[in-house]
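Each value in this text was obtained by applying a stated rule to the coordinates, not by laboratory testing. Everything numeric here is computed off the predicted structure, so don't read it as measured data. Please note: Cβ atoms are built from the backbone with ideal geometry, for glycine as well, and neighbour counts cover all protein chains shown.
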Amino acid sequence: MDGNGRWAKQKGYVRAIGHENGAESVREAVESCAELGIANLTLYAFSTENWNRPKLEVQLLMKLLVKSLKKEIKTLQDNNIKLQAIGNLEDLPKTAKKELLEVIDKTKNNNKMTLTLALSYGSREEIISVIKALSDKVKNNIISVESIDESIINGHLYTHNLPDVDLLIRTSGEQRISNFLLWQIAYAELYFTNILWPDFKREHLYDALINYQNRERRFGKTSEQLSK
Ligand code: IPE
Ligand code: MG
């Protein structure tokens, strides 16, 4: 969800206004995905690298997180959406963590869609945590080196209960991954749009989905093999 700052700048506002308007786009994206029957939506809300932003902006983003969680719990319940979070949640300010865990708990029995917020998330850090956990299990003879395969690695990622990514959308014209779900996007379709996140509305999501539907996902096979 990129482009909040540039959106604000273009309009002559402070960055905070961009983030607030970005939160509106979040609601629209979540509701639209639930409506379409998309089972999993993961939003990259705050990266491990985002902690390096000016202190005031970080504080504002954390406040906005708390405000949005309080406000959108109703949206989640009304749409039968379960909230979960991936990332280094220990790094979040106490109030943000508390609010987050509360909403996760309140929505834990919802089952139409799983909304995953990546918060203080970094894919390299996630992969390091997997390597540490597996090394520990090998050291303690819980698993053998030979048994390590893709499914064991999947099972140790923060995203262990999610399937591989099908479609990754990045807004604002940047064409990079920025440390997001590196393992999980091995065969994802990538979609880049120049729309800034606060302007990303239902119709833009539909554009991305229609584009995705028209792609041929070959997973290394030939086109002919797929049509058999
Ligand atoms: C995305 O918008 C929001 C977060 C990363 C939290 P940016 O804040 O990155 O907006 P730009 O890139 O400065 O336009
Ligand atoms: Mg940005």
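Details
- Under the condition of being surrounded by fewer than 16 Cβ atoms within 10 Å (Cβ to Cβ) and part of a helix (DSSP H, G or I), the residues counted in the range 53-80 number 12.
- Pairing each residue of the range 90-115 that is within 13 Å of residue 72 (Cα to Cα) with any residue that is among the small types (Gly, Ala, Ser), provided the two are 6+ apart or on different chains, yields C-beta distances under 9 Å for 100/85; 104/85; 115/34.
- Any pair with Cβ under 9 angstrom, 6 or more apart, that starts in the range 1-19 at a residue that is under 19 Å from residue 45 (Cα atoms) and ends at one that is near ligand 2 (Cβ under 10 Å from one of its atoms) and among the aromatic types (Phe, Trp, Tyr): 1/197; 2/197; 3/197; 4/197; 7/197; 18/197
- In the range 1-52, the residues that are outside any helix (DSSP H, G or I) and under 13 Å from the mean Cα position of the chain (by Cα): 1, 2, 40, 41, 42, 43, 44, 45, 46, 47
- Per-region count, the range 20-43, residues touching a Ser or Thr at 6+ places or on another chain (Cβ under 8 Å) and either within 16 Å of ligand 2 (Cβ to nearest atom) or free of Cβ contacts under 8 Å to residues at least 40 places away in the same chain (or both): 3
- Options 42, 48; residue that is buried (at least 17 other Cβ atoms within 10 Å of the Cβ), polar (S, T, N, Q), within 15 Å of ligand 1 (Cβ to nearest atom) and closer than 20 Å to residue 167 by Cα: 42
- Residue 58 being within 13 Å of ligand 1 (Cβ to nearest atom) and either under 21 Å from residue 200 (Cβ atoms) or of a type in the set (A, V, I, L, M) (or both): yes
- Inter-residue pairs, beta-carbon under 8 Å, first farther than 20 Å from residue 30 by Cα and in the range 51-77, second in a helix (DSSP H, G or I) and among the small types (Gly, Ala, Ser), 6+ apart: 57/16; 60/16
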